[in-house]
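Accompanying notes for the structure given below.
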Number of protein chains: 2
Amino acid sequence: MTTLATPSTTLSTPPSGAVAPPVAPEILTRAAGLVGPALATAVDRLDPALRVPVEHHLRGGGKRVRAALVLLSAAAVGADEQVGVVGAVAIELVHNYSLVHDDIIDGDRERRHQPTVWAEFGVGPAIVAGDALAALATQVLLEDPTPERVQAARRLAGANQAMIAGQAADMAYETRDQVTVAECLAMEQGKTGALLSCAASLGAVLAGGPPASVHALSDYGDHLGIAFQAVDDLLGIWGDPAVTGKPVGADLLAHKKALPVAAAMAVGGAVADELQRILGGDLTEADVARATTLIEDCGARAEVTAIADTHLELALGALDRTPLQPSAKDELLAVAHYVTARDR
Amino acid sequence: MTTLATPSTTLSTPPSGAVAPPVAPEILTRAAGLVGPALATAVDRLDPALRVPVEHHLRGGGKRVRAALVLLSAAAVGADEQVGVVGAVAIELVHNYSLVHDDIIDGDRERRHQPTVWAEFGVGPAIVAGDALAALATQVLLEDPTPERVQAARRLAGANQAMIAGQAADMAYETRDQVTVAECLAMEQGKTGALLSCAASLGAVLAGGPPASVHALSDYGDHLGIAFQAVDDLLGIWGDPAVTGKPVGADLLAHKKALPVAAAMAVGGAVADELQRILGGDLTEADVARATTLIEDCGARAEVTAIADTHLELALGALDRTPLQPSAKDELLAVAHYVTARDR
């Protein structure tokens, strides 16, 4: 349920000095071109009262990373990318319904440089706009219910359910003093990994690809989701405000129970006590600086960096477990590096 | 998206004097017995963070009218009621997700004599609890994707979309001065008719019943939904506060754009002008009495009564269009009379 923000460099570029902005993998442009019109056609079927807020939301754009993964996963098992388009549309519908609902839940008034649906149209219209997008995803897949599309609809419903569970866990953790690293990882796997995993395998499912390839592609997406979230959590504390558009230590200020805090609390002792005291109330600039130092000095930053690296490696490694069409595989590697870039 | 309230008499009983409360059709008890455990099993699959608010909501009960229609529609084409259970579970999941979301939208703090989900757990948890119920409906039908279940999932997604459009129209009408009778009927067809229509045909779909029977049962549910809503709108103004639990003229006080007001406004002239003036602001007891008189005297009450009667007749008539198993047909008739009882 997290937006994949534009990175300024890729993981392989050292995060220092004046680096050129990374070039987005070409598949993202191709995905926007292939999936955009199909998505617009799907949304055209909505009742006008729903279409207006939905089109407002979609005008914000988005990088179509999930759509790109669906197309690449079709190509990876030897099919034409076109085979994945219906799945890419369904994935984008589910992703965007979750964004519309999340913005209500988080009270966020702006997304992609425009007012969120609830801020523009009200909470009620935003709830039903999200509901309509979710229902439309199932309709799009089942309107021509081939066995492959039925399997795709089934997998997407499961991924949606896992994503919702991740969001529910995230909300539940907000009221808790402490969250373990394992709980945090499971929550992030649900919130982000489940839909990325579904996206990365859905094209192969629609193409009737071999189960071993579907499984490997699904694992790739799963690990990529966790790696992305771990990087996102690092940037939530150490991200450059000029790049992230957020204040220094944004996640600490927001009392977000993300991986770095969970890892630091797991150290226990004086570090955990002091951190808990600081994070227990409103944070001054000095508090943010002190908490950041505590988290870094106890090794938590390094631990989360290792988690990100490990899951990126696992994602890339999953692609070696099964024969995949080479150019599609290369593009899957490029997307993985792009969305886990560490100094975006 | 409306709860089918318990009627105190059936349509065939004159709405006067001390009448005995109607006996609920036996199928409602049977449906609760057959579907309740299956629904609980489905909900057991939810993540604990979601299960708690969902189980809270479901503890409120509900009369399982839609579940009953699914079972009867399986029996109507000669199948065992058991064949409809999976569809009844899916329909109840969709119905209940819509209730959870509607309660947020309407700001209702109580349903079925207990706090609504948002009132008890917060708006965020209520949004995701509803989302989880909606996704679960698709999961339940597609976990064993026989052609019949796939068709059922497809129809349910379409009905869900129509229900959402009805809810969106209802919200949009709140900000308008005037709504035509046709617009009001279309909105109510979506909000209530679509899911009843789906319920009344879903069992036949799951049983692989003949298309003509599926179509007739679907029409029965569609018209029944409109008849129910028309009766509900009449009760919103003329309902007995002792029975409805709402004040005299509840819908007028709430400025609800329901059929009686739409029909009165369509008369135009002095009646429409005076009514619009009264309904434009907060209503005194005298205003409610005057508006009620205006609506009655211009013939709007009679018109809405005729709409209810017509659509009940159309619902019953649809069942004569195709050969149906006689005892199931009798029970469908009984359910129709029960849910359109006029002085509940």
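Helix by helix, which DSSP H runs in chain B go 30 Å or more along their axis at the Cα atoms and have an average Kyte-Doolittle hydropathy of 0.5 or more? Write down the numbers at each step before the final one.
Numbers: long enough: B:85-106 (31 Å, 0.88); B:147-174 (41 Å, -0.33); B:211-238 (40 Å, 0.43).
Membrane-span-like by this rule: B:85-106.
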Here the net charge surrounding A:Leu314, from other residues whose Cβ is less than 13 Å away from its Cβ (Lys, Arg +1; Asp, Glu -1), is -4
Label point 7 Å beyond Cα of A:Asp144 along Cβ direction - residues of segment A:54-73 with amide nitrogen under 20 Å: A:67-68, A:70-73
Looks like segment B:192-241, by Cα gyration tensor root eigenvalues a ≥ b ≥ c and the a/c under 1.5 rounded cutoff (else prolate when a/b is bigger than b/c, oblate otherwise), is prolate
What is the Cα convex hull volume of segment A:188-344 when expressed per residue in Å³? 109 Å³
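Restricting to DSSP H runs of at least four residues, report the calculated mean residue ellipticity at 222 nm for chain A, -39500 (n - 2.57) per run over all residues, nearest 500 deg cm²/dmol. Write down the numbers at each step before the final one.
Details: 17 runs with 241 residues, N = 344.
It comes out at -22500 deg cm²/dmol, rounded to the nearest 500.
Using the C-alpha atoms of segment A:46-123, what convex hull volume per residue, in cubic angstrom, is computed?
Working: hull volume 6.8 nm³, N = 78.
Measuring per residue, one finds 88 Å³ for the Cα hull of segment A:46-123.
Rg(Cα) of segment B:170-220 divided by 2.2 N^0.38 Å? Walk me through the numbers on the way to the answer.
Details: Rg = 14.9 Å, N = 51, 2.2 N^0.38 = 9.8 Å.
Against the compact-globule rule of thumb, the ratio is 1.52.
Out of the total accessible area of chain B (probe 1.4 Å, heavy atoms of protein only), what percent is carbon and sulfur?
On the way: 6990 of 12870 Å².
Exposed carbon and sulfur together represent 54 percent of the surface.
Starting from segment B:87-174, pick out the trypsin sites (Lys or Arg not before Pro) whose DSSP state is loop and whose Cβ has at most 16 other Cβ atoms within 10 Å.
Numbers: sites: B:Arg109, B:Arg111, B:Arg112, B:Arg149, B:Arg154, B:Arg155; in loops: B:Arg109, B:Arg112.
Qualifying residues, ordered by number: B:Arg109, B:Arg112.
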Summed for both chains, how many Å² of accessible area, to the nearest 100, are buried between A and B with a 1.4 Å probe? 2700 Å²
Keeping all protein chains in the complex and leaving out DNA, RNA and ligands, what accessible area do you get for B:His255 with a 1.4 Å probe, in Å² to the nearest 10? 70 Å²
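Beyond 43 Å, how much of the Cα-Cα pair distribution for the protein assembly as shown remains, as a whole percent?
Values: 70522 of 236328 pairs.
Roughly 30 percent, once rounded to a whole number.
How shielded is A:48-55 by partner chains, expressed as the average number of their Cβ atoms within 10 Å of its Cβ atoms?
Values: counts 4, 11, 7, 2, 2, 1, 0, 0.
Averaged over the peptide's residues, the number is 3.
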Nearest-20 debye value, the protein assembly as shown charge dipole, Cβ charges on Lys, Arg, Asp, Glu: 800 debye
Any aspartates and glutamates with Cα under 18 Å of the B:Lys246 Cα? List them, leaving off those in the same chain fewer than 8 positions away. B:Asp103, B:Asp106, B:Asp108, B:Glu110, B:Asp232, B:Asp233, B:Asp282, B:Glu285, B:Asp287, B:Asp343
What's the local net charge at B:Ala334, with K and R +1, D and E -1, over the other residues with C-beta under 13 Å away? -1
Mind checking which lysines have their C-alpha under 21 Å from A:Lys329, skipping anything on the same chain fewer than 8 residues away? A:Lys63
Just going by the charge dipole of the protein assembly as shown, with Lys and Arg at +1 and Asp and Glu at -1 on Cβ, which of A:Ala49, B:Ala68, B:Leu319 is farthest out on the positive end? B:Leu319
Determine the relative contact order of segment A:24-339: mean sequence separation of Cα pairs under 8 Å and six or more apart, normalised by residue count, in whole percent. 20 percent
Please work out the average accessible area per residue across segment B:154-241, using the 1.4 Å probe convention, and give it in Å². 28 Å²
Relative intensity, log₁₀ I(q)/I(0), of chain B from a Debye sum that treats every alpha carbon as a point, q = 0.07 Å⁻¹: -0.29
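The values are calculated or read from the model by the stated rules, or taken from the named source; none is laboratory data. Quantities reported herein were computed from a predicted structural model and do not represent experimental measurements. So basically every Cβ, Gly included, is an ideal-geometry build from the backbone, and we count neighbours across all protein chains shown. We work out accessible area using only protein heavy atoms, side chains counted, and drop any ligands, DNA or RNA first. Shrake-Rupley method; radii C 1.70, N 1.55, O 1.52, S 1.80 Å.
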